[in-house]
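The values are calculated or read from the model by the stated rules, or taken from the named source; none is laboratory data. Since the model is a prediction, treat every value here as computed from it, not as a measurement. As a convention, Cβ positions derive from the backbone with ideal geometry for all residues, glycine included, and neighbour counts pool all protein chains shown.
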C-alpha cells in the first residue's frame, strides 16, 4: 500500500503520502480481520463519473458496492477522512476488489477515482469530505439497522484531526445516549494535520479520557500492530456502548525519508529534483525488496 | 368569519403518520415548541431526541434516510437551516435523501428576536441543489404540506406555522406542489404573496378593489422549484406593476425568485418587493414588527399607491373593517 501510494505521489508530483504511512495497517486490518464483508459487487476498473445525485439522474451510484452487498448480517464501512482516498484505493487493489489497473484514471478529469474521495469513489459510501460529518451519518445508519433488528455492525474510519470538530463530540454524545453498540470507530491518531503537528495547532488530548467521558468503550493500541488492532474489535456489536479504537501511529512509518519534511506532512510536495530522485530511488528499493520477498 | 385552528400540525402529524411506519421524527430539545410532542407520545419508538446538536442531527437524519426511513426533523427554522447549513448541503441534499426539515417560527412570527427569527431560511434552502422549498400560509396548508413533501423524491424544507393558525383556503383545496393559488383576478396590479403575508394581502386587496383597483393576487406555497406558468402569465398581464410580499428578507426569497423570473423572460414591469429590506429583526410583537418592517396590509396599500402614482385614501380603519372569510381559488369560483 505504501509503495503504491508513493508511486502515485511521485507521478502526481505530490500527494497524501503520510496518510498511507500512518493508516496502512489500520485499514488492512479492518478489511482482512475485522469487517464481515461480502465480495465486491463493483467493476474492477471503476466506472467513470455518472453525474451528481438528483431526481433527474438515476445513474448516480455510491462506491459502497466495492465493500460488497448490503445484507442484515454483514458489516458496513464508512470512510470519513476522504483525503486518505488513495490509501483506500491501494488497499482495494491489494485485496482484488479493484483491478491492478483500477487506478489508471486516478486524479483524471471525469473519473470517480478522485484525489479527494467522494461518495461515488470506490469504497466510499457517504459524502464525508467536510470533516467530522461521517460519524453522524454512520450513527443514523447504525440506528436504522438496530430498528430493523440487523446483526451487522457499522465501522467508521476517522482521522484524529476530526476530533477538533464539535460535531464529532455531538455524535459521540448521541451514540452513547442511544446506546448504539453496533458501531465501532478506528482513529488514525498520527498527531499531524494540515498546519503541522496537532499539539501546536489545537490539541485533542487526552483523547482516550475524553472519549471515555462521553460514554464510549475505548482501546488505545499501536496502530501498526495488526494483532492489537484486530483484538480491539472483539465483542463489538454485543454491548450497548460505541467502540472507539485509538490507533497511535507514525506518519513516516516505512518511509523514513519523509521525516525531513516534518512538521509539514499533511500533503507531501517535492521541493527539488534531488528530492524527487531520492524518493524514486527509495521506491525502486522498496519494489525490489517486495519482489525478492515474493520470489522467496 | 375566518376559522382559526389551534395547533393543527400537532394532531395532524399523529394521524398522518399512523399508517406510515417509515416516518420518524427527530427533535432537538424543542419538541412541544414544534408541536411534535403528540407524535412523541403516540409513537415513542419512532421518535428520537438528539439534544441541542443540530449538526449531528442532520447526519443521523441522512443515515436513517439512506436506510429507507423518512425522517421529519423538527426544530425552529433558524436551527434547521442556518446553523447546520453545511451538514444539510453535504449529508442530506447532495445525495438527494428524503429528509424533511420542518422549520417553525418563520420571519417575524416570534417575539424571540434576531436569534429566533428566520429571515434568510428560504434563501439558504433555495441555494441548495436538490432541495424543494415549501411554505405554509394557513391551516389548510399546514396540514396538506405533509402529503406534498412526502411525495417529493429528495430533501424538502417546510416553512411551517404553529399555534393559532387561520384557515384561509378551503379544506377541500390542499396545497399542490408547484401550483400557486389565484385568489383574485385583475389587470392593474399583480400581488404575489407567501406565508403569513397572504392574510395581510387579502385584507389590503379588498380595500384596493373597493377603491376601483383591479388586482390579480397569487398565493405561492412552492418557493422552489419556482416554475408555475400561472405566475409567469400573471406577471405578463399586469398594467401598473408587481408587488411581492414575504415574511423574509427581500434577498433570496419570493421577491428574488419573482425578480429572476421577470428578468429571464424580459418582463419590463416595475417590481416592489415588500419584506425585510436587508436588515435584521428584533424582539417585539407580530403586529408591531409587521408594521415596523412594512409587511402588513397598509404597506401593500402604500406600495399600490406608489405604482398607481396617486393616493387612494385608504387608512387603518378601512383595513380593520375588512371581514375575512375562507378564500376559494378564483379559477374555481368561475367554474361554478
Practice task
Of all residues in region A:115-143, count the ones that are more than 13 Å from chain B (Cβ to nearest Cβ) and either surrounded by 21 or more Cβ atoms within 10 Å (Cβ to Cβ) or free of Cβ contacts under 8 Å to residues at least 24 places away in the same chain (or both).
Solution key: 4
Practice task
Can you confirm whether region B:293-307 contains a residue that is farther than 16 Å from residue B:204 by Cβ and out of contact with any strand residue (DSSP E or B) (no Cβ under 9 Å at 6 or more places or on another chain)?
Solution key: no
Practice task
Assess whether residue A:242 counts as being more than 14 Å from chain B (Cβ to nearest Cβ), touching a helix residue (DSSP H, G or I) at 6+ places or on another chain (Cβ under 9 Å) and surrounded by 24 or more Cβ atoms within 10 Å (Cβ to Cβ).
Solution key: no
Problem - Subset of region A:144-162 [away from chain B (no Cβ under 14 Å) and farther than 19 Å from residue B:64 by Cβ] - result: A:157, A:159, A:160, A:161
Handout entry: Total residues in region B:59-70, condition touching a strand residue (DSSP E or B) at 6+ places or on another chain (Cβ under 7 Å) and closer than 16 Å to residue A:172 by Cα
Key = 2
Handout entry: From the options B:171, B:224, B:185, residue that is outside the structural domain of residue B:104 (by TED's automatic domain parsing) and under 30 Å from residue B:62 (Cβ atoms)
Key = B:224
Completion exercise
When region B:211-237 is checked residue by residue, the ones that are over 20 Å from residue B:136 (Cα atoms) and either surrounded by 18 or more Cβ atoms within 10 Å (Cβ to Cβ) or touching a residue at least 12 places away in the same chain (Cβ under 8 Å) (or both) are B:211, B:213, B:214, B:215, B:216, B:232, B:234, B:235, B:236, B:237
Practice task
Take region A:163-197 and flag every residue that is more than 19 Å from the chain's Cα centre (by Cα), more than 14 Å from chain B (Cβ to nearest Cβ) and over 15 Å from residue A:142 (Cβ atoms).
Solution key: A:195, A:196, A:197
Handout entry: Filter pass, residue B:95 being crowded, with 24+ Cβ neighbours inside 10 Å and within 30 Å of residue A:127 (Cβ to Cβ)
Key = yes
Problem - The one condition in (1) free of Cβ contacts under 8 Å to residues at least 12 places away in the same chain; (2) touching a strand residue (DSSP E or B) at 6+ places or on another chain (Cβ under 8 Å) that residue A:46 fails to fulfil - result: (1)
Problem - Verdict on residue B:56 being touching a strand residue (DSSP E or B) at 6+ places or on another chain (Cβ under 7 Å), in the same structural domain as residue B:162 (by TED's automatic domain parsing) and at pLDDT 95 or above - result: no
Problem - Where residue A:68 falls short, out of the listed (1) away from chain B (no Cβ under 12 Å); (2) within 22 Å of residue A:16 (Cβ to Cβ); (3) at pLDDT 95 or above - result: (2)
Problem - helices (runs of 4 or more DSSP H) completely within region B:11-103 that count 1 or more residues being within 12 Å of chain A (Cβ to nearest Cβ), touching a residue at least 12 places away in the same chain (Cβ under 8 Å) and under 18 Å from residue A:140 (Cβ atoms) - result: B:54-66
Exercise for the section: Could you tell me which numbered condition residue B:131 fails, if it satisfies all but one of (1) at positive phi; (2) within 14 Å of chain A (Cβ to nearest Cβ)? Expected result: (1)
Fill in the blank from the handout: Taking region A:247-260 and keeping only residues that are surrounded by fewer than 22 Cβ atoms within 10 Å (Cβ to Cβ) and touching a helix residue (DSSP H, G or I) at 6+ places or on another chain (Cβ under 8 Å), one is left with A:250, A:252, A:253, A:254, A:257, A:258
Handout entry: Selected residue (only one of B:174, B:166, B:170 is surrounded by fewer than 18 Cβ atoms within 10 Å (Cβ to Cβ) and either under 15 Å from the mean Cα position of the chain (by Cα) or without any contact (Cβ under 8 Å) to a residue 60 or more places away in the chain (or both))
Key = B:174
Fill in the blank from the handout: Considering residues that are in a loop (DSSP other than H, G, I, E, B) and surrounded by 12 or more Cβ atoms within 10 Å (Cβ to Cβ), the number found within region A:270-284 is 1
Handout entry: Checking residue A:104 against (1) within 12 Å of another protein chain (Cβ to nearest Cβ); (2) out of contact with any helix residue (DSSP H, G or I) (no Cβ under 9 Å at 6 or more places or on another chain), the condition it does not meet
Key = (1)
Practice task
Look through region B:104-117, keep the residues that are crowded, with 21+ Cβ neighbours inside 10 Å and assigned to a loop (DSSP other than H, G, I, E, B), and return whichever of them is farthest from the other protein chains (Cβ to nearest Cβ).
Solution key: B:108
Exercise for the section: Give the number of residues within region B:118-140 that are within 22 Å of residue B:200 (Cβ to Cβ) and either touching a helix residue (DSSP H, G or I) at 6+ places or on another chain (Cβ under 7 Å) or not in a loop (DSSP other than H, G, I, E, B) (or both). Expected result: 11
Practice task
Would you check if residue A:135 is over 29 Å from residue B:48 (Cβ atoms) and at pLDDT 95 or above?
Solution key: no
Practice task
Evaluate the following for residue B:312: is it in a helix (DSSP H, G or I) and either buried (at least 16 other Cβ atoms within 10 Å of the Cβ) or in contact (Cβ under 8 Å) with a residue 60 or more places away in the chain (or both)?
Solution key: no
